[in-house]
Amino acid sequence: MKKFMNSTRIYYPELDSLRFIAFLLVLIHHSPFAEVIPAFGILIRYGWIGVDLFLCLSAFMFARLLFVEYQREGNINIAYFYIRRALRIWPLYYIFFGITLIYSIYLYGWSSGILYRSLGMLTFTDNLFSMSLGYNHFIAYTAHLWTISYEEQFYLVIPWALRVFYRLKKTTTIYILGTVMLMGVIIRAGFIYYKIGPPAIWVFPFTHFESILGGLIIGLGLFDQYLKKIPVWILLIAGIIALWPVTILQKTSLIQWKLMLTYPLIGIGMSLILFAIMQGGLGPISVLFRNKLFRYLGKISYGLYVYHIACGPLAFEITNTFVSQNSLLVYPAARLTIRLIVTVLVSTMSYEILEKPFLRLKERFTFIHSRPI
């Protein structure tokens with residue numbers, strides 16, 4: 001594998017901005033009241049692809065960071081990897097879970113629904129509970145957090161897999177990943193054939209895997225020799241074009257054979273966009289993605305994602321205080337803007353007060369640093 005960097009820090013500032021874009025897609029997707037705003041309808045219906053962008057980015061960064069650690073140290077310290085992930089994910093996640101659990105019990109009382117959801121969230125198997133029992137909304141403001149369980153399951157595998165890939169020839173790695181992809185496609189086809197209902201395919205890592213696989217492929221540099229010969233503008237446009245048919249295909253909530261196209265297109269699209277943005281040379285787009293504010297918003301994107309549903313009711317009350325609901329375009333635009341502002345404020349406080357101490361502690365277990373705290 002080609003050596004990407006020989007330093008103690010690897011940081012792609014544009015990717016922080018891309019994380020913020022991923023969050024914006026999810027925020028808009030969870031804001032159906034804004035559908036009357038021109039061009040927002042399609043973003044509301046398909047903004048869920050922001051989740052795939054998050055997954056693609058995570059896989060890419062792990063592949064790059066752990067490779068440089070492997071080069072420098074001769075191995076991957078897997079125990080330190082899990083400590084780093086725990087210090088980044090667990091404090092905010094478990095505190096938010098605890099607060100919303102107490103709030104939900106206060107409002108609705110104890111129930112089997114709360115029990116099942118609590119078990120899933122505590123053990124990072126929430127997506128598997130959703131897969132078998134359907135989405136569970138018994139704990140307020142947490143419906144979207146099944147993705148944390150999905151990522152935690154990814155963490156169980158990724159350092160072990162990468163340690164193997166770093167020792168193999170590039171062609172061997174390609175064959176292995178191709179086999180994994182084929183197995184995933186077969187499993188997804190089985191789900192569709194037997195009409196295993198939604199949201200099973202969407203929340204299960206073995207049937208919704210292309211964006212993570214794409215991030216790994218880009219991170220491992222498996223096709224760099226070909227991709228770097230193509231102008232970055234062409235790659236960016238190709239990525240967007242790959243995503244466009246997804247808006248024509250049916251939603252992932254419907255079990256049908258078109259899903260065999262939907263997920264690969266998303267994986268290809270996200271991977272090409274990621275590669276193009278990472279390379280730079282995109283003129284005003286690269287300048288925008290290096291903007292200090294965008295980079296900071298990407299830095300706090302984990303909090304933005306966790307808190308944005310909970311910030312909705314407060315944004316609703318603030319909007320109703322100052323804007324008439326009879327203003328057909330002004331009201332939804334104001335409500336969405338205020339929701340974003342409230343979420344940013346809450347996430348900023350969370351990052352600076354709650355998350356930073358754990359991030360500083362995380363640095364003690366880090367060989368190759370990424371973004372500055």
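Any read-out appearing in this document is the output of simple, stated calculations on the displayed coordinates, not a laboratory observation. Bear in mind that the values here come from a model prediction, so they are computed numbers and not experimental data. Every residue, glycine among them, receives a Cβ derived from its backbone with ideal geometry; neighbour counts consider all protein chains shown.
With everything on Cα atoms, drop me the angle between helix 49-73 and the longest principal axis of the chain, reported from 0 to 90° to the nearest 10.
Long axis of 49-73 versus the principal axis of the chain: about 40 degrees.
Give me the dipole magnitude in Debye, nearest 20, for the chain about the Cα centre, with unit charges on the beta carbon: positive for Lys and Arg, negative for Asp and Glu. All intermediate terms of the calculation are to be shown ahead of the outcome.
Working: 32 positive and 15 negative charges, 203 e Å.
With only Lys, Arg, Asp and Glu charged at Cβ, the dipole is about 980 debye.
Which one, 215, 47, 280, has the greatest fluctuation when you compute a Gaussian network model over the chain with C-alpha springs under 10 angstrom?
In this elastic network of the chain, the residue with the biggest mean-square fluctuation among 215, 47, 280 is 280.
With a ≥ b ≥ c the root eigenvalues of the C-alpha gyration tensor of the chain, is it rounded (a/c under 1.5), prolate (a/b larger than b/c) or oblate? Mind dumping the intermediate values first?
Working: a/c = 1.32, a/b = 1.31, b/c = 1.01.
Note, shape of the chain comes out rounded.
Residue farthest toward the positive end of the dipole of the chain, with Cβ of Lys/Arg at +1 and Asp/Glu at -1: which of 70, 219, 179?
Checking the options against the dipole of the chain, the answer is 70.
With unit charges on the beta carbon (Lys/Arg positive, Asp/Glu negative), name the residue among 118, 108, 23 whose Cα is farthest towards the positive pole of the charge dipole of the chain.
Farthest along the dipole direction, towards plus: 23.
How would 16, 126 line up from fewest to most surrounding beta-carbon atoms within 10 angstrom? It would help to have the intermediate numbers written out before the result.
Numbers: 16 23, 126 29.
Fewest-to-most Cβ neighbours within 10 Å comes out as 16, 126.
Using alpha carbons only, how many degrees (0 to 90, rounded to 10) separate the axis of helix 312-322 from the longest principal axis of the chain?
On a 0 to 90 degree scale, this one is about 50.
Taking the Cα centre of segment 2-92 as origin and charging only Cβ (+1 Lys, Arg; -1 Asp, Glu), how large is the dipole, in debye to the nearest 20? Mind showing how you got there, number by number?
Numbers: 10 positive and 6 negative charges, 75 e Å.
The calculation lands at about 360 debye.
Search the structure for amide H atoms under 5 Å from the amide H of residue 369, placed 1.01 Å from N in the peptide plane, and list their residues when 5 or more places away or on another chain.
Here 9, 10 satisfy the definition.
Listing 30, 137, 308 from the residue with the fewest other Cβ atoms within 10 Å to the one with the most, what is the order? Kindly include the intermediate steps, with their values, before the conclusion.
On the way: 30 18, 137 12, 308 25.
So the residues, fewest neighbours to most, are 137, 30, 308.
Using 7 Å Cα-to-Cβ label points, what is the residue 167/residue 241 separation (nm, one decimal)?
It works out to 4.2 nm between the two label points.
How many nm separate the modelled label positions at residue 229 and residue 75, each set 7 Å beyond the Cα in the direction of the Cβ?
Distance between label points: 4.0 nm.
Within the set of other residues whose C-beta is less than 11 Å from the C-beta of residue 246, count the net charge using Lys and Arg as +1 and Asp and Glu as -1. Can you show the working numbers first?
Values: positive: 45, 251, 258; negative: 52.
Residues near residue 246 contribute +2 overall.
By how many nm would the segment from residue 356 to residue 326 lengthen if fully extended, with 0.36 nm per residue of separation less the alpha-carbon distance?
Details: separation 30, 0.36 × 30 = 10.80 nm, distance 4.24 nm.
That pair, residue 356 and residue 326, stretches by 6.6 nm at full extension.
Estimate the FRET efficiency between residue 349 and residue 9 by the formula 1/(1 + (r/R0)^6), using the beta-carbon distance for r and 25 Å for R0, to the nearest 0.05. Mind dumping the intermediate values first?
Details: r = 27 Å, r/R0 = 1.07.
Once the sixth-power term is evaluated, E becomes 0.40.
List the pairs from 228/299; 195/258; 170/228; 299/356; 229/292 whose alpha-carbon separation is above 19 Å, in the order I gave them. Kindly include the intermediate steps, with their values, before the conclusion.
On the way: 228/299 28 Å; 195/258 13 Å; 170/228 17 Å; 299/356 11 Å; 229/292 30 Å.
Too far apart for the 19 Å limit: 228/299; 229/292.
Determine the calculated [θ] at 222 nm for the chain from helices alone, applying -39500 (n - 2.57) to every DSSP H run no shorter than 4 residues and normalising by the residue count; nearest 500 deg cm²/dmol. Intermediate results must be reported in sequence, preceding the final value.
Details: 19 runs with 255 residues, N = 373.
Mean residue ellipticity at 222 nm (helix-derived): -22000 deg cm²/dmol.
Identify, among 237, 191, 91, the residue whose Cα sits farthest towards the positive end of the charge dipole of the chain, taking +1 on the Cβ of Lys and Arg and -1 on the Cβ of Asp and Glu, with the dipole about the Cα centre.
237
Measure nothing fancy, just the Cα-based angle from helix 210-220's long axis to the longest principal axis of the chain, in degrees from 0 to 90, nearest 10.
40
Calculate the FRET efficiency for residue 156 and residue 36 from the Cβ-Cβ distance with a Förster distance of 45 Å, rounded to the nearest 0.05. Display every interim value, and only then the final one.
Values: r = 43 Å, r/R0 = 0.96.
In this case the efficiency is close to 0.55.
Given Cα pairs under 8 Å that are at least 6 residues apart, what percent is the relative contact order of the chain? Walk me through the numbers before you get to the answer.
Working: 469 pairs, mean separation 111.8, N = 373.
Taking the mean separation of contacting Cα pairs over the length of the chain, I get 30 percent.
So how strong a dipole does segment 225-373 carry about its Cα centre when Lys and Arg Cβ are +1 and Asp and Glu Cβ are -1, to the nearest 20 debye?
Details: 15 positive and 4 negative charges, 90 e Å.
It comes to approximately 440 debye.
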